[in-house]
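Single-structure report; data block below.
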Amino acid sequence: MQWTTWISMALGIVAVIGTKISPPPVILDLGPVVPTPVPTAKQAVKKRLITTITVQNNEEGESIISFEAADFADEGEGKIKMMASKRYTLAEEKKQDPELRDKILRQVRDLERDMLTYAEKVGPPKARAPLSAGSSPQ
């Protein structure tokens, strides 16, 4: 009886191991991976535009002139995408190209004169009503 027990146990182990030692799946080596190409970007024309100009004048101090330049991609058919923008302040860039900075400042002063003339012709600013004691501004 002992032999039959050992033989049946050995056959059981071989049967279990035999089912687990089946041949592996067939794998075909196809070579290196070629990544999917990125879609081609739409045709666009790069343009730069001054988007804002700010002049902060003070009677007692130096004027602060700043502006923002932005780069756009014009894809045509009214499709424009902003790519980058940067703000410049002439007070900070004194060391860089002082001749161009002075030229811009002179042109801004000429523009200010023209705007003051325009304001005078169209209608000067309205004087504020004086505040009296005990009244609140409206």
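Every number here is computed from the coordinates shown, using simple stated rules; none is lab data. These numbers were taken from a predicted model, which means no experiment stands behind them. Note that we place each Cβ from the backbone using ideal geometry, even for glycine, and neighbour counts take in every protein chain shown.
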Per-peptide average of other Cβ atoms within 10 Å, ordering 51-58, 124-131 highest first: 51-58, 124-131
The range 45-122: C-alpha gyration tensor shape, a/c 1.5 cut-off, then a/b vs b/c: oblate
Loop trypsin sites (Lys or Arg not before Pro), the range 65-99, which have at most 12 other Cβ atoms in a 10 Å radius of their Cβ (DSSP): Lys94, Lys95
Aspartates and glutamates with Cα under 15 Å of Lys103, excluding same-chain neighbours fewer than 8 positions away: Glu93, Glu112
